[in-house]
Each structure stands twice: as C-alpha cells, then as structure tokens.
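The values are calculated or read from the model by the stated rules, or taken from the named source; none is laboratory data. As the structure is a prediction and not an experimental result, all values here were calculated from the model. Here the Cβ positions follow ideal geometry from the backbone for every residue, glycine too, while neighbour counts run over all protein chains shown.
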Amino acid sequence: MSNRDSINEILVRLFANILDIEEICLRRGEFSDLSISEMHVIDNIGVEQERNMSDTARDLKITSGTLTTAIDNLIKKGYVQRKRSVEDRRVVKIKLTDKGVEAFKVHEEFHIDLVASALHELNNEEENLLAKVLSNIDIFFKQKYNYK
C-alpha cells in the first residue's frame with residue numbers, strides 16, 4: 001500500500017470515528033446523560049462568560065431553533081441557565097451552571113488526553129511536522145469548502 005493510500009485510509013477512519021469515540025467516552029463517564037452534540041454546545045458556551053444565543057448558533061453552524069431545542073434540554077438536565085438581556089430584551093443570554101462547568105472540564109480533559117496521546121512518542125521536530133500537516137488540512141478545508 002502506498003503512503004497516499006495509507007494516509008487516505010487513516011484520515012477517513014479518523015474523521016469517521018472520532019466523534020463516535022468521543023461519545024463512547026462521554027457515555028462511560030459522569031455525564032452520560034449528555035449527547036456529543038450537547039457536549040459541543042457546552043464546549044462552545046465555555047466557562048468564561050455569558051454567550052448570546054444567536055452568536056452561539058452561528059458558531060456551531062446550526063439554526064437558532066435547533067440551538068433553542070438543545071438549550072431547553074440542557075436546562076432540564078441542569079447544565080445551562082438562560083436569561084434575557086437587561087439592556088435588550090430581544091437578546092437571550094446563556095451560561096453554564098456549575099454542573100455545566102464540570103462537564104466542560106471533563107470534555108476538555110478528553111481533548112488534552114487525545115493530544116497527549118498523539119504527541120506521546122514524537123520529538124519536537126516531529127511535533128512541528130504534525131502541526132504543519134494538520135494545519136495544511138485545515139487550510140485545505142477552509143479554502144476548498146469555505147469552512148470556518
């Protein structure tokens with residue numbers, strides 16, 4: 001098998017499986033009541049500040065209606081709180097609860113472990129090369145498919 005064939009096979013497998021693997025890890029943990037899409041909403045909201053719904057929907061590339069449904073579920077599960085802006089009642093703000101912050105941190109640890117695993121046996125030069133390769137793939141998607 002050529003290098004190109006091997007790389008293609010690896011990339012296809014990684015892209016197809018990474019979300020499944022992430023969800024399997026999530027399901028085994030303390031936050032097993034969350035779907036991977038709900039976790040990504042939590043991740044996008046972040047722990048630093050309140051977010052508004054429209055910015056969050058745009059960043060996640062979903063409709064406001066889809067986000068509203070996800071937020072409703074996350075509120076019922078105790079991960080998110082929602083309130084209207086005092087300055088402009090049309091603006092809806094969302095923020096993680098303490099439980100949401102904990103879920104965010106667990107998800108962040110998954111990603112830290114993923115990167116640590118990828119870099120485990122690489123020296124600095126190999127790390128730099130991997131970063132360049134992944135950056136080139138990212139640039140390709142942005143340019144070819146106008147992906148953010």
Residues located in region 36-62, provided they are over 18 Å from V92 (Cβ atoms) and touching a strand residue (DSSP E or B) at 6+ places or on another chain (Cβ under 7 Å): V47
Matching entry among S2, S32, S6, S37 (being within 27 Å of D98 (Cβ to Cβ) and surrounded by fewer than 13 Cβ atoms within 10 Å (Cβ to Cβ)): S32
Check region 107-124 and report whether any residue there is within 27 Å of L26 (Cα to Cα), more than 19 Å from the chain's Cα centre (by Cα) and among the small types (G, A, S). no
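Condition (residue is of a type in the set (S, T, Y) and within 29 Å of E30 (Cα to Cα)) applied to region 81-92: is it met by at least one residue? Reasoning before the result, please.
Just the residues of region 81-92 that are of a type in the set (S, T, Y), to begin with: 85.
This time we only want the ones that are within 29 Å of E30 (Cα to Cα), so: none.
No, region 81-92 has no match at all.
Out of the helices (runs of 4 or more DSSP H) lying entirely within region 33-86, which hold 3 or more residues that are of a type in the set (G, A, S)?
On the way: elements: 36-45, 53-60, 64-76.
Filter on region 33-86 gives 64-76.
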From (1) at pLDDT 90 or above; (2) exposed (fewer than 12 other Cβ atoms within 10 Å of the Cβ), pick out the condition that doesn't hold for Y145. (1)
Can you give me the number of residues within region 14-35 that are under 16 Å from G78 (Cα atoms) and either in contact with a strand residue (DSSP E or B) (Cβ under 9 Å, 6 or more places away or on another chain) or not small (G, A, S) (or both)? 4
Within region 94-115, is there a residue that is touching a Lys or Arg at 6+ places or on another chain (Cβ under 9 Å), among the hydroxyl-bearing types (S, T, Y), in a loop (DSSP other than H, G, I, E, B) and touching a residue at least 12 places away in the same chain (Cβ under 8 Å)? no
